[in-house]
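Values quoted throughout were computed directly from the atomic coordinates according to the rules given, and no laboratory measurement underlies them. Bear in mind that the values here come from a model prediction, so they are computed numbers and not experimental data. Note that each Cβ is placed from the backbone with ideal geometry, even for glycine, and that neighbours are counted across all protein chains shown.
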Amino acid sequence: MPQTADLNAIADALTAQGWIVLPAFLSAAEAAALAADCRALDAAAALTPAATGRESGRREGGLRGDRTRWFEPDALSPPQAAYWQAMDALRRGLNERLLLGLESVEAHYAVYPPGAGYARHRDRFRDDDARVLSSVCYLNPDWQANDGGALRLHLGNRLHDIAPQAGTLVLFLSADIEHEVLPATRERLSIAGWFRRRELGSR
Ligand code: OGA
Ligand code: MN
């Protein structure tokens with residue numbers, strides 16, 4: 001659970017550069033509990049391909065190759081509930097410091113099989129206009145540099161790669177930061193989430 005000092009640093013980084021990496025957001029035990037929960041759901045075929053049809057499970061020709069499962073706020077498993085609470089604390093803490101108007105959180109598990117990635121994109125305009133702040137939290141312990149699978153941020157003419165190491169949380173402004181998931185040589189587990197503003201219009 002982030003402390004006050006962390007919230008100030010997070011708010012400052014989001015204001016100054018639009019993104020931040022928190023390497024030890026979850027403890028090893030918290031990440032392991034979430035990974036086990038994710039694997040159990042996946043084993044029960046509760047995750048569904050994020051891409052459809054022939055594209056599913058492959059990067060070539062498809063935007064993304066992961067399988068996902070949304071967290072349901074009314075039916076959270078114990079590790080999901082702990083994660084949800086941490087996200088909501090982050091939401092409230094950032095609202096006190098920034099004028100982002102974060103109203104709600106959403107999150108899903110994502111499993112990328114070996115070789116799968118997610119092509120370069122922005123989160124807000126592709127999927128959902130109410131997304132303000134994106135979060136990705138990683139669940140694989142002992143990730144090695146040559147396992148691949150980095151989250152690659154496209155920052156103007158500069159690239160910044162982040163290893164999907166268990167416990168690391170990445171936050172970035174959904175409308176601003178282009179990013180992609182590079183293919184990995186091993187299965188890659190994460191929780192992607194979004195902090196949402198009040199929705200305008202029909203939804
Ligand atoms: C996404 C995404 C990044 C990652 O789900 O929109 O960009 O590192 N995920 O898993
Ligand atoms: Mn994304």
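When the stretch 167-185 is filtered for residues that are within 13 Å of ligand 1 (Cβ to nearest atom), surrounded by fewer than 22 Cβ atoms within 10 Å (Cβ to Cβ) and under 20 Å from ALA33 (Cβ atoms), nothing remains.
Every listed requirement among (1) under 13 Å from ILE20 (Cα atoms); (2) in contact with a strand residue (DSSP E or B) (Cβ under 6 Å, 6 or more places away or on another chain) is met by LEU155 save one, (2). The lone criterion from (1) within 13 Å of ligand 2 (Cβ to nearest atom); (2) in contact with a strand residue (DSSP E or B) (Cβ under 7 Å, 6 or more places away or on another chain); (3) not hydroxyl-bearing (Ser, Thr, Tyr) left unmet by ALA166 is number (1). Among the criteria (1) of a type in the set (D, E, K, R); (2) within 9 Å of ligand 1 (Cβ to nearest atom); (3) surrounded by fewer than 20 Cβ atoms within 10 Å (Cβ to Cβ), the one ARG188 does not fulfil is (3). Do we have any residue at all in the stretch 116-129 that's within 23 Å of TYR83 (Cα to Cα), in contact with a Gly (Cβ under 8 Å, 6 or more places away or on another chain) and within 9 Å of ligand 1 (Cβ to nearest atom)? Checked the stretch 116-129: no residue is within 23 Å of TYR83 (Cα to Cα), in contact with a Gly (Cβ under 8 Å, 6 or more places away or on another chain) and within 9 Å of ligand 1 (Cβ to nearest atom).
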